[in-house]
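First up is the structure itself, then whatever we jot down about it.
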Amino acid sequence: MTSADAAATVPHGRLRRIGRAVLYGLVVGLVVTALAFLIRSKFDPLIDADDGAIKAATDITRTHGTLRDLLITWQRLSSPTVVYVVATLVCLWVWRAKHLTTRALWAFVTMMIGWNVALDVKYLVQRARPVVEDPVSHAPGYSFPSGHAANATIGATALVLLLWPLLHRTAAKALAITAASLFVVVTCLDRVFLGVHFPSDVAGGVLLGAGLVIASYAGYVDWRPATLDDDHDHHDNNPAISKEPT
């Protein structure tokens, strides 16, 4: 390949990455918008299902004091602030100790953008929180999408992708996926059983969070600017890192 050919592939690769990211982003946007439309238009089957689920879930929580205490504790541990403090420390470790500069930068920027997007969508939809006669917990702000669910999904998905090249064994990869999935599922159940979010809120949060990270990763793959990467010095010694950022 001549130098001219090599130069020509750079914008082509960049456009392909951007095209993938935009396509995935549009798909996510359409799905979340469709769900938000059903909520705003008060689509009876969805609203009835949400109301029924909240009543049943809070009835269970109200009669089990230990469960309520555990749910309140999990609410604090899974807050976006806690999630992103831990995630930022992991990004710093991957950058400084493992020299995966662009990968760490991608994960951090994606999480910060995702955090803000989830908050912006709340203000666009402006859905009221569930109204429960005898509430077991309270939360401020709007309801759709669930911020806890969205940010738990963003953080968990981004961290799995961030650490993927460092997980050399199949068991380690399976454990990472399982732990991330359980964190998201428990967080979603926590929001419903505390009566602070409808099931459609947490579903919207998971769809938005996972979709944002996947769209961002589609745009990130094969991006390796020489001015930022310091991991190229380690490629010959670490086959897993040499394939980064796939």
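For the reader, a short list of remarks on this structure follows.
- Filtered residues of the stretch 154-209 (kept if surrounded by fewer than 19 Cβ atoms within 10 Å (Cβ to Cβ) and outside any helix (DSSP H, G or I)): LEU167, HIS168, ARG169
- Cβ-Cβ under 8 Å pairs, at least 6 apart or on other chains, the stretch 170-188 side in contact (Cβ under 8 Å) with a residue 24 or more places away in the chain, far side polar (S, T, N, Q) and part of a helix (DSSP H, G or I): ALA180/THR157; VAL184/THR153
- Any hit, the stretch 44-53, residues being assigned to a helix (DSSP H, G or I), among the acidic types (Asp, Glu) and open to solvent by less than 40 Å² (accessible area, probe 1.4 Å): yes
- Conditions (1) more than 15 Å from ASP190 (Cβ to Cβ); (2) in a helix (DSSP H, G or I); (3) of a type in the set (Gly, Ala, Ser): number failed by ALA150: (1)
- The set of residues in the stretch 83-125 that are open to solvent by 30 Å² or more (accessible area, probe 1.4 Å) and closer than 21 Å to GLY141 by Cα comprises MET112, ILE113, TRP115, ASN116, VAL117, LEU119, ASP120, TYR123, LEU124.
- Which listed residue, of PRO80, PRO130, is within 19 Å of GLY204 (Cβ to Cβ), under 20 Å from the mean Cα position of the chain (by Cα) and open to solvent by less than 70 Å² (accessible area, probe 1.4 Å): PRO80
The values are calculated or read from the model by the stated rules, or taken from the named source; none is laboratory data. What you see is a predicted model; the values in this text were computed from it and never measured. Every residue, glycine as well, gets a Cβ built from its backbone with ideal geometry; the counts of neighbours run over all protein chains shown. Accessible surface areas use protein heavy atoms only, side chains included; no ligands, DNA or RNA. Shrake-Rupley method; radii C 1.70, N 1.55, O 1.52, S 1.80 Å.
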